[in-house]
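A short worksheet on the structure shown next.
Derivation of every value follows stated rules applied to the coordinates shown; laboratory data play no part. Computed from a predicted model, the values in this text were never measured in an experiment. Glycine also receives a Cβ, built like all others from the backbone with ideal geometry; neighbour counts cover every protein chain displayed.
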Amino acid sequence: MEIKNIITTIFLGVVLAPVALAQQVEVKAAYDKACAICHMTGNGGAPRLGDPAAWKEPVSGGLGRLYKSALEGTPKGMPAKGGVDGRSLTDNEVRAVVDFMVDKVRDVLKDAPETASSMATAKPLAPINFNFNRMLRQTAKRNLAPADDGIHDPANDGTALLQPPLQGMAELVRSNFGNNTDWVVSLESKKVTPRWERTNAMAEGIVMDLNIVRVPKGSMPNVVFPHKQHTEWLECSNCHPAIFIPQKGANQISMPLIMLGQKCGVCHGKVAFPVSQCAKCHSQKKELPPKVVGKL
Amino acid sequence: MTTEKRKLKVLSKLWLLMLAIGMTLVAPMARGEYGDVVLNKQAEKEGMRPVIFPHWFHRLRFTCNVCHNENGFKMRAGSNDITMADIVDGKFCGMCHNNEIAWGLEYCHRCHSGLNGLAGGFYGSQAPGTGPQPMDALQKRRH
């Protein structure tokens, strides 16, 4: 009897050990493929493999929560099944990878409960920045290289790899506003040839040649809105109906609204030419003095 | 004579002090290129530098249509909640930054390149020395 038991044990050991090892190898391969890009480096705040401090919070909710996070993703940044590369994994394979990762920090898990804990709570949204975006003065220096522009970190190794604006826009038609580049004229003269579609270099948008004239109060020249120059860059749905209701007389537009980043100010004053270029929009001279309506 | 000299010395010191204060006030603040957007809803909280998105660089290569229509970026600043999870999943930036159309996600520091502490929003479009402000700050100042 005893000898039989020993033989069975040895037999099982010999047969099953390679199976277990093979499984381990597969799990490691799945980890390398789908998880390592973040969990090896700590990208995006991912807990690093084998770093007990980083895993303390994730494992505090137990394995159940970890499985759920790995399978469904988290608002913190974990993509479901690790993203594109992990989509082909089955749920059980994902769980096995979680086990593999947790196994590296076994000591931390020791005191954690086994069951899934609290539901993921919805994060409140950050307040939207709402700038007064008029630009009446040019800053003294324009088109500074990333390392000198005051917002890039010069100590960051990636900053040095970024193309300096002056180099990128050297061939374009220069102006004295915005990027110091006249994008519309540059496009018309084919100095810049941006793609209309992401993957199709030959695709062209539908250009709509229709001017809309708006008559502002007082002596300010009329605004001529050219659909043509806008549809060369944009699609109808970029502006309609969220920003402008496509119906005559339906939109209340004023300079204060624009300067607060609404209506035209969604782009003008931020990326499209700034509102300091009054005459670019207010371009049609008023021909008649304002009529007096009704009897005095 | 000596008192006058002393006065002059004090005055010159005062001028130096004022000059120093003036310099710090005039000192260049966050500028950026016209159209630069800082994204910092998640980045710094998660231990990465804020992301700087240069509109000019992308405009050279793509029309607004590509990102604001195909890639799903809403037009209004602050209305897109972008996470690395989405990007890895092939959404938003990940529509192009996938090593097929543009360089992939292994180059973290090309995007996460901003100075820590930058508020999200547009840069390069304000009068010199003013950065983006949250709406509540704007309202407080008005009242």
Förster radius 25 Å - calculated FRET efficiency between residue A:185 and residue B:109, Cβ distance, rounded to 0.05: 0.10
Under the Karplus curve 6.51 cos²θ - 1.76 cosθ + 1.60, θ = phi - 60°, whole-Hz ³J(HN,Hα) for segment A:230-237, x wherever Gly or Pro sits: 6, 6, 6, 9, 10, 9, 3, 5
Cross-link pairs A:190/A:263; A:191/B:91; A:28/A:68 - those with Cα-Cα distance over 25 Å: A:190/A:263; A:191/B:91
Residues B:75, A:101, sorted so that the one with the fewest Cβ neighbours within 10 Å comes first: B:75, A:101
Separation in nanometres of the label points that stand 7 Å from Cα toward Cβ, at residue A:248 and residue A:41: 5.7 nm
Average projection area in nm² (convex hull over Cα atoms of segment A:190-296, one quarter of hull surface): 9.2 nm²
Distance from segment A:235-281 to segment A:34-94 (C-alpha centre basis), Å: 43 Å
For A:184, B:51, B:10, B:88, order by how many other beta-carbon atoms lie within 10 Å, fewest first: B:10, A:184, B:51, B:88
Residue exposure sequence - B:83, B:3 - by fewest surrounding Cβ within 10 Å: B:3, B:83
Label point at residue A:206 placed 7 Å out along Cα→Cβ; residues across segment A:230-251 whose backbone nitrogen lies under 18 Å: A:230-242, A:246-247
Over 22 Å (Cα to Cα) - which of A:33/A:56; A:76/A:270; A:81/A:104; A:56/A:76; A:270/B:74; A:217/A:286 fall in this group: A:33/A:56; A:76/A:270
Whole-number percent relative contact order across segment B:66-108, with pairs defined as alpha carbons under 8 Å at least 6 apart: 25 percent
Amide H partners (placed H, <5 Å) of residue B:36, local residues excluded: B:55, B:123
